[in-house]
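In what follows, a single structure is set out as structure tokens and then discussed.
The values are calculated or read from the model by the stated rules, or taken from the named source; none is laboratory data. Here the structure is a predicted model, which means the values were calculated and not measured. As a convention, Cβ positions derive from the backbone with ideal geometry for all residues, glycine included, and neighbour counts pool all protein chains shown.
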Amino acid sequence: MKYRNIITIASIFFSLVSCSQDDTYVGGSISGGNSEITSIFPVPPSQWMGANDPYYSAGYTGDIMPFFDSGKFHIYFLHDAQNKPAGKGFHDIHEYLSTDLAHFTYEGQMIPYGKTADPDFAIGTGSVIKVGNLYYFYYTGHNETLAFVQSNARESVLCATSSDLKNWTKVSSFKITAPAGYYNYDFRDPHVFYNEELKKYSMLVSTQTEPGRKAVLLHFTSADPASGKWDVQTPIYTTTPQDNYLMMECADIFKMGNYWYLIFSENWSADKGTHYRMANSINGPWIKPQNDKVDGEYFYAGKTASDGNKRYVFGWNARKTPEKDLGNKDWAGNMVIHELIQNTDGTLGTQAPQSVKDLFSKKSGNVEVDAMTANVTANNGTYA
């Protein structure tokens, strides 16, 4: 690695259901095939919809939905374009692909946003699970256009299926909205996993009670996702009077060692960011550690995936608008990945993935110096 390349990376670092089949979309970069991204904190490239489309800007990486399968991390994310023409939707799902979390390819759009009358005119966070030979992508449908919300819930849980993680088919017959007692205006971010204790599939959904408007992670179960039938259960977690969160977004749940961990993100309190709780059982009681955040405020919407050996948390680092120190924190930015480590008391810590550490530890005698200014002396390749 040349000196000039090291400076470039350092600069980037600091800039910072019975599912009927219709509406099939083919993944892959619309602008002409997969493209390699060398940055360890990638953002989607430009012209992802073609150079002649007005909605083609490079944009930023929004909420991430990682899924590990057959030695590869399929890193799905909400694409946040810099320009959003009137009448078009937003936050369609795109993908990065990686085997080592240090090198990535951009795979293009996977699930597009719908039309103005569709429940997914905008798309929100979701999760992927494999059942048999079929992959299910449960995601958020969001449409707050006046004509739509007059007779529909603003947010709902939708589904798409695939046999290869590339070609996704939207399931028009599948839709879950908030049940009685919960708020259909904020009902999003389905996280689906197989619940070993129940021997069923579980789905966590971020919502609020109605009335009362208290943040909860609502729990649904299904004996078979192919049936499309999900039954509502009691919430798996409710905000405490002390925290009084408005919403607990992008939830994730997993077991590491002897502990269960519940992760969610919150963006309205005085302690914004990605938080976690821990318990000895998936049913709680959930304990709030003294330091309950995965990272600082600017690391948001962290969700995890494991390669069977290590577990990683994927989030985005917010950008500034305008991009200056005094700019306002804006939604979406660059993807950031931490490896999760478990402390002796069960609390979580983070570190850079080993593959990223390796990038910064390579030594080379091939050093390029473009120019020397001021008081610089050189002596056989040593500079002072």
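A few remarks follow.
- Conditions (1) β-branched (V, I, T); (2) modelled with pLDDT of 95 or more; (3) over 23 Å from G87 (Cα atoms); number of the one not met by T105: (2)
- Residue satisfying all of: in the stretch 239-261; among the β-branched types (V, I, T) and surrounded by 16 or more Cβ atoms within 10 Å (Cβ to Cβ); farthest from T140 (Cα to Cα) among these: T239
- The residues in the stretch 117-165 that are in contact with a Lys or Arg (Cβ under 6 Å, 6 or more places away or on another chain) and farther than 15 Å from K175 by Cα can be counted, and the count is 1.
- Qualifying residue in the stretch 354-374 (condition: at pLDDT 95 or above, of a type in the set (G, A, S) and either closer than 21 Å to L97 by Cβ or not in a loop (DSSP other than H, G, I, E, B) (or both)): no
- Meets criteria (under 24 Å from M247 (Cβ atoms) and surrounded by fewer than 19 Cβ atoms within 10 Å (Cβ to Cβ)) for F90: yes
- Against the test of being aromatic (F, W, Y), closer than 30 Å to K357 by Cα and crowded, with 18+ Cβ neighbours inside 10 Å, the options W316, W331 yield a single qualifying residue, W316.
- Qualifying positions in the stretch 334-384 - β-branched (V, I, T) and loosely packed, with under 10 Cβ neighbours inside 10 Å: T344, T373, T377, T382
- Restricting attention to the stretch 265-288, the residues that are under 22 Å from the mean Cα position of the chain (by Cα) and of a type in the set (G, A, S) add up to 3.
- Taken over the stretch 262-300, the criterion of being surrounded by fewer than 17 Cβ atoms within 10 Å (Cβ to Cβ) and among the hydroxyl-bearing types (S, T, Y) is satisfied by S269, S281.
- A single entry from T209, T161 fulfils the requirement of being touching a Cys at 6+ places or on another chain (Cβ under 6 Å) and not small (G, A, S): T161.
- Just so you know, in the stretch 113-158 the residues that are in a strand (DSSP E or B) and aromatic (F, W, Y) include one that is surrounded by the fewest Cβ atoms within 10 Å (Cβ to Cβ), and it is Y135.
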